[in-house]
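A.B. asks: Sharing a structure below in structure tokens format, with a few things to ask.
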Amino acid sequence: MKIGIIGAGNIGSALAEHFRKLGHGVLIVNSRGPQTLSQVARKTGASPVAISEVSGVVDLLVIAIPMKSVPLLPKDLLSELPASSPIIDTGNYYPLRDGVIPEIARGAIESEWTSRVLGRPVVKAFNNIVADSLLHKALPKGAKGRIALPVSGDDLKSKQFVMTLLDPMGFDAIDAGPLSESWRYQPVTPAYCPDPTIYQLPMLLRRAKRYKAPGNRDQAAKIMAKLPSDFSPQELVRVARLSAGLDTFKPRSWLAALRLGFAALRVA
């Protein structure tokens, strides 16, 4: 396939590396122009292009940018994208970073909002895994501890297409329903970033409480801003697993939670 990725941050770059290893052609775009992506190109094997070159020639388009940047995309970006080419939305809404988006603040589902802004159906995926796990924790099918990822979408064909991508990447896929149910793995719900297995993920999705998520998300964002520089992505995963009830008896998870607690005291 030929895959376009808008966004060369952690998740966009990690997906580019995966897709290139699987033999797909990858075009990658950022807001500053292809001349600034030489390092990403060397690391991932993706081809940097201008944003005007990305959508008309791809079989799949990935949107991996902060949500505040979605309305700033060119209005004609998708005009030449084939109707059969799915769009993956990897975004998460953090008001501390994105500012207040009124519709989402009033309760709109994040990816439904993205779909309305783009004027095209989207498939929600890859938003509830840290880039470090995406890059380094892929496992063969059937392996113990293989991570499962939820995939939501209203277009069943596009959703199934995206789900088939996950297995060769080293992850299991679970159909998490329509976009209206994708709030179940928005920040900071039980299924957000705990690297669950295919047996654990459905339980975590069921346990999500929509009314609690925004407050938990905003508090978590403030704490994250105060974390020490050596607080690793896998420590965040351990805290997420502990919070989800998956690693109750693992001392390293409690230690990570303790360090996170000290950061929370600085926020209070």
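A.B. asks: So how many residues does segment 11-23 have that are buried (at least 18 other Cβ atoms within 10 Å of the Cβ) and outside any helix (DSSP H, G or I)?
C.D. replies: Residues that pass the stated criteria total 0.
A.B. asks: Additional query: Enumerate the pairs (first residue in segment 75-94 and closer than 19 Å to ASP154 by Cβ; second residue anywhere and basic (Lys, Arg)) with beta-carbon separation below 6 Å, excluding pairs fewer than 6 apart on the same chain, so at least 6 apart or on different chains.
C.D. replies: Short answer, once both residue conditions are applied: LEU78/ARG120; ILE87/ARG120; ASP89/LYS124.
A.B. asks: Could I ask something else about it? Residue by residue through segment 86-103, note down the ones that are within 17 Å of ASN10 (Cα to Cα) and either open to solvent by 20 Å² or more (accessible area, probe 1.4 Å) or assigned to a loop (DSSP other than H, G, I, E, B) (or both).
C.D. replies: Those that are within 17 Å of ASN10 (Cα to Cα) and either open to solvent by 20 Å² or more (accessible area, probe 1.4 Å) or assigned to a loop (DSSP other than H, G, I, E, B) (or both): THR90, GLY91, ASN92, TYR93, TYR94, ARG97.
A.B. asks: A further question follows. If you check LEU236, LEU260, which single one turns out to be touching a residue at least 60 places away in the same chain (Cβ under 8 Å), assigned to a helix (DSSP H, G or I) and open to solvent by less than 100 Å² (accessible area, probe 1.4 Å)?
C.D. replies: Details: LEU260 fails: touching a residue at least 60 places away in the same chain (Cβ under 8 Å).
Exactly one of LEU236, LEU260 is touching a residue at least 60 places away in the same chain (Cβ under 8 Å), assigned to a helix (DSSP H, G or I) and open to solvent by less than 100 Å² (accessible area, probe 1.4 Å), namely LEU236.
A.B. asks: Take the residues in segment 241-252 that are open to solvent by less than 40 Å² (accessible area, probe 1.4 Å) and either part of a loop (DSSP other than H, G, I, E, B) or at pLDDT below 90 (or both), then tell me which one is nearest to LYS209 (Cα to Cα).
C.D. replies: In this case the residue turns out to be ALA244.
Residue-wise test of (1) more than 28 Å from ALA108 (Cβ to Cβ); (2) open to solvent by less than 50 Å² (accessible area, probe 1.4 Å); (3) hydroxyl-bearing (Ser, Thr, Tyr).
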{"position": "GLY33", "(1), (2), (3)": "yes, yes, no"}
{"position": "LEU37", "(1), (2), (3)": "yes, yes, no"}
{"position": "GLU53", "(1), (2), (3)": "yes, no, no"}
{"position": "SER79", "(1), (2), (3)": "no, no, yes"}
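A.B. asks: Still on this structure, please answer the following. Restricting attention to segment 104-123, and to residues there that are buried (at least 20 other Cβ atoms within 10 Å of the Cβ), β-branched (Val, Ile, Thr) and without any contact (Cβ under 8 Å) to a residue 60 or more places away in the chain, which single residue is farthest from VAL70 (Cα to Cα)?
C.D. replies: VAL123
A.B. asks: Where in segment 130-233 are there helices (runs of 4 or more DSSP H), lying fully within it, with 3 or more residues that are out of contact with any strand residue (DSSP E or B) (no Cβ under 6 Å at 6 or more places or on another chain) and open to solvent by less than 60 Å² (accessible area, probe 1.4 Å)?
C.D. replies: Working: elements: 131-136, 156-169, 201-207, 213-224.
Correct list: 131-136, 201-207, 213-224.
A.B. asks: Return yes when PRO194 is closer than 16 Å to GLY145 by Cβ and modelled with pLDDT of 95 or more and no when it is not.
C.D. replies: It is true that PRO194 is closer than 16 Å to GLY145 by Cβ and modelled with pLDDT of 95 or more.
A.B. asks: Checking GLU181 against (1) under 15 Å from ILE129 (Cα atoms); (2) under 17 Å from the mean Cα position of the chain (by Cα); (3) of a type in the set (Asp, Glu), which test does it fail?
C.D. replies: (1)
A.B. asks: Let me ask something else. Quick check on my filter: what residues within segment 135-150 are without any contact (Cβ under 8 Å) to a residue 40 or more places away in the chain and basic (Lys, Arg)?
C.D. replies: Passing the criteria: LYS141, LYS144.
The values are calculated or read from the model by the stated rules, or taken from the named source; none is laboratory data. If you're wondering where the values come from, they're calculated on a predicted model, not measured in any experiment. Using ideal geometry, Cβ is built from the backbone for each residue, glycine included, and neighbour counts are taken over all protein chains shown. SASA here: full protein model, heavy atoms, side chains in, ligands and nucleic acids out. Shrake-Rupley method; radii C 1.70, N 1.55, O 1.52, S 1.80 Å.
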